[in-house]
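Each remark here refers to the structure printed beneath this line.
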Amino acid sequence: MKSLLIVSLAAAVLGQSVFAADLVKYDFNNIQSVGSPNNPSAFCPCVLPTDLYACCLTPDFLTTGGPDGSAFRSYSAWDMTQFDPAVYFNRDELYQWPATLSFTVTPEAQSLGAITGFNVDLKRADAQSPDTIMASIFWEDASGIVQNRNSGAINIAAYTSWTNLSFTDTFGTAPLPTGLDFGGETFRIELYAWGGSGSLQLDNVTLIGDCAPVPEPAAALLLGVTGMLFGFRRRRLV
């Protein structure tokens, strides 16, 4: 409710539309074959997302049987055991980790907003599927240091039917950028699963948040009004 109030205030100051809810979504219904790229199925007009990339995973594509009865993706060749977390999080740039699914989102430079949620529909295909998953967001701060927010390890051993998993940023090195600090930033969102090399079925990978374009000279006014209000919101992941 608080996030909606903040975005509404921004809209009143700007006198134009504000884009909220799904910043970017990948529902796989636009996929044609197993080798097709994972293009965003929808995204907010004031952000630029990449495709959803699988690094070192083996993809599959099924046209029916997803959480809404339609197409979904399946990925295998995940890590059997978790990589050293201290190494995993200690990055010097925004590269993708092996055996992960990842995409980046870059809001327009003249915009304000926030990432408020990240969720995915998932299902373990069988007993060989990964039983643990983690979601992370990486970005560079003003000093060029890569910061992160992450959900920590989540046990999904019981996820043998389609389940919507919503991640929260329980851990991390710094608060996620919000308000005018959100504009122009590049965020890498990454899904990392382990505990089995079998298939993990996925659909509706969705990054949620607020984003509003800020035309000049309104940015200066919002820096003192709306930007400050964003500081009071509860920060969540993906």
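The values are calculated or read from the model by the stated rules, or taken from the named source; none is laboratory data. Small disclaimer: the values here were computed from a predicted structure and weren't measured. Glycine also receives a Cβ, built like all others from the backbone with ideal geometry; neighbour counts cover every protein chain displayed.
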Within region 192-211, of all residues that are aliphatic (A, V, I, L, M) and closer than 19 Å to Leu48 by Cα, the one nearest to the chain's Cα centre (by Cα) is Leu207
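With the structure loaded, tell me whether Ala77 is at pLDDT 95 or above and closer than 28 Å to Asn150 by Cβ or whether it fails that test. Steps first, answer last, please.
Numbers: at pLDDT 95 or above: yes; closer than 28 Å to Asn150 by Cβ: yes.
So Ala77 passes the test.
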Within region 19-45, restricting to residues that are assigned to a strand (DSSP E or B) and charged (D, E, K, R), the one that is farthest from Ala212 (Cα to Cα) is Lys25
(1) closer than 26 Å to Gly209 by Cα; (2) not acidic (Asp, Glu); (3) not in a helix (DSSP H, G or I) all hold for Gln82 apart from (1)
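Conditions tested, residue by residue: (1) within 19 Å of the chain's Cα centre (by Cα); (2) hydroxyl-bearing (Ser, Thr, Tyr); (3) surrounded by 18 or more Cβ atoms within 10 Å (Cβ to Cβ).
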{"position": "Tyr26", "(1), (2), (3)": "yes, yes, yes"}
{"position": "Asn29", "(1), (2), (3)": "yes, no, no"}
{"position": "Gly35", "(1), (2), (3)": "no, no, no"}
{"position": "Pro40", "(1), (2), (3)": "yes, no, yes"}
{"position": "Val47", "(1), (2), (3)": "yes, no, yes"}
{"position": "Cys55", "(1), (2), (3)": "yes, no, no"}
{"position": "Asp60", "(1), (2), (3)": "no, no, no"}
{"position": "Thr63", "(1), (2), (3)": "no, yes, no"}
{"position": "Gly66", "(1), (2), (3)": "no, no, yes"}
Filtering region 85-108 down to residues that are surrounded by 13 or more Cβ atoms within 10 Å (Cβ to Cβ) and assigned to a helix (DSSP H, G or I) yields Pro85, Tyr88, Phe89
Filter region 142-168 for residues that are β-branched (Val, Ile, Thr) and closer than 24 Å to Gly209 by Cα; the one that is surrounded by the fewest Cβ atoms within 10 Å (Cβ to Cβ) is Ile145
Just one listed residue, out of Asp60, Asp22, Asp51, is free of Cβ contacts under 8 Å to residues at least 60 places away in the same chain and acidic (Asp, Glu), and it is Asp51
